[in-house]
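Reviewing the structure listed below.
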Amino acid sequence: MISNGINISCYGCGVCATTCPRKAITITLSTDGFWVPVIDKGICIDCGICDKVCAYLDKKYSTPVDRLIEVKAYAVVNKDEIIRKTSTSGGAGFAIATYMQQLGYTLVGVKYDNKKNIACHFATNDLEEFKQTMNSKYIPSYTVDGFSDLMKGGRYAVFGTPCQIDSLRRWAKIGRKENNFVFVDLFCHGVPSYLHWQAYLKYHLKVGEKLENPIFRDKRNGWHTYTMSLQTNKRFISTPIQRNDLFQNIFLGNYSLNQPCYHCVYREHHSAADLRLGDLWGGKYSKNEGGITGVLALTVKGEKIMEHLPELCDVKTEKEAIVIAGQMHHDLSVPVSRKKILDGLRKGKYLPFLYFLYARRMWMKNLLPYKMKRLIKQLIYNFKNK
């Protein structure tokens, strides 16, 4: 049976709760600040459906029936400059959503709930409403409401993390409804703890101030600059990673990730999705500051979608190695200070204190000027591609 309780670790995809026929499973935050299932044993009938859909229990991703032997890789830029500017990378995700909506698919993606201060999945047929998903949300999404109606009929294009999509693929296979879905996942760094996110907001927001919209990857200083911005009811706060932004540095330094993220089985092209999206990092595009999406078509269905994308985007065929070059390829080491940071966050300790004491690697790294880092990366790329 799936693990149970607020002291456990799992992917937190929430699919177990949406599939449970007795609604015996609720999804709540663990003591470490990640979504986990809590099972009401008095209601549970031991049907086992939660085990069957749980990607965390299997450790191997569910292979789509039309998986391509050789995946196809692309560099994609949305032709609409406003969409591209608002998007995290090149705007390919919204273009795919636009095409799927034209075909009659209901769109399922992630928005930020500024009342609860969480990310959450939602379903909509309104393309304008789906714009809330633009600019990635770098915190774990609550999925139960967004996923609850997926097996009741209709066709859906679902955007999510690799582990969320893997569990949904399993659910679709059990219900024999794979043909009803297009699954789109991401090159994922992992997800940070809500303890971290809540402490970050506490640090920035003054008394009476409310967050209206977080921009996790604001391009105002350039695509590669990694700027975190917060639009509140009173002001606009913007902090580049180089200036020791307390969210980006702790997150990207891997100090607050969910435990399973350190040993992720979904690296590179390992995925249960039809399409995989992400920033097209790497030396080849290091001078681009507008944003480019790297896309992998993993299935026949995904490849067919990409054939129609040139209507909305500039699409260039790329080598897979170029698309995955700037993504993670191996397991991550768990920082020794991860536990100390999470313990400190639970106790309400001052976030800058935890950062400068336990994440020294990141703020010391920021002492090197950003332009110098870019130059070094470009020189390495040029040397390797001589």
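Quick note: the coordinates plus some simple rules give every number you see, no bench work behind them. Since the structure is predicted, the reported quantities are computational estimates derived from the model, not experimental observations. Every residue, glycine as well, gets a Cβ built from its backbone with ideal geometry; the counts of neighbours run over all protein chains shown.
Remarks
- Computed P(r) (all Cα pairs; the chain; 20 Å bins; percent): 28, 61, 12, 0
- Estimated distance in nm for a label pair at D46 and I6, the labels positioned 7 Å out from Cα along Cα-to-Cβ: 2.8
- With N as its number of residues, the range 110-181 has a Cα radius of gyration that, divided by 2.2 N^0.38 Å, comes to 1.12.
- Paramagnetic reach from S333 in the range 209-251 [backbone N under 12 Å; point 7 Å along Cα→Cβ]: none
- For K177, a cut-off of 30 angstrom between C-alpha atoms picks up these lysines, skipping any fewer than 8 places away in its own chain: K23, K41, K52, K59, K60, K72, K111, K131, K137, K152, K301, K304.
- R0 of 25 Å, Cβ-Cβ distance D66-E129: FRET efficiency to nearest 0.05: 0.25
- Where the Cα pairs of the range 1-57 fall when distances are cut into 5 Å bins, in %: 4, 24, 34, 25, 11, 2
- Scanning the chain for cysteines with no neighbouring cysteine C-beta under 4.7 angstrom from their C-beta gives C10, C13, C20, C44, C47, C54, C120, C163, C188, C261, C264, C313.
- Debye intensity ratio I(q)/I(0), log10, the range 169-254, q values 0.13, 0.17, 0.26 Å⁻¹ (C-alpha model): -0.57, -0.77, -1.38
- Distance cut-off 13 Å, percentage of C-alpha pairs in the range 238-304 lying past it: 75
- One quarter of the convex hull surface built on the alpha carbon atoms of the range 216-257 amounts to 3.2 nm², the projected area averaged over directions.
- Relative compactness, the range 83-223, computed as alpha-carbon Rg over 2.2 N^0.38 Å: 1.10
- D_trans [Stokes-Einstein, Kirkwood Rh over alpha-carbon pairs] for the range 226-354, 4 °C, 1.567 mPa s, µm² s⁻¹: 73
- Förster radius 30 Å - calculated FRET efficiency between N117 and E289, Cβ distance, rounded to 0.05: 0.50
- Rounded if a/c under 1.5, otherwise prolate or oblate - the range 1-149, Cα gyration tensor axes: prolate
- Qualifying trypsin sites (Lys or Arg not before Pro) for the range 167-236 [loop in DSSP, other Cβ within 10 Å: at most 12]: R176, K206, K210, R220, K234, R235
- P(r) of the range 174-224 over all Cα-Cα pairs, binned every 10 Å from zero, in whole percent: 15, 29, 29, 17, 9, 0
- Bridges between two residues of the range 87-225, per DSSP, are antiparallel at a rate of about 45%.
- For the pair I237 and E303 in one chain, pulling the backbone fully straight at 0.36 nm per residue adds 19.7 nm over the alpha carbon distance.
- Efficiency of FRET between R360 and Y262 - r from beta-carbon atoms, R0 25 angstrom, step 0.05: 0.80
- Measuring nothing but alpha carbons in the range 282-349 and taking Rh as the Kirkwood radius, the Rg to Rh ratio lands at 1.21.
- Extension gain from I82 to V207, taking 0.36 nm per residue of separation minus the Cα-Cα distance: 41.6 nm
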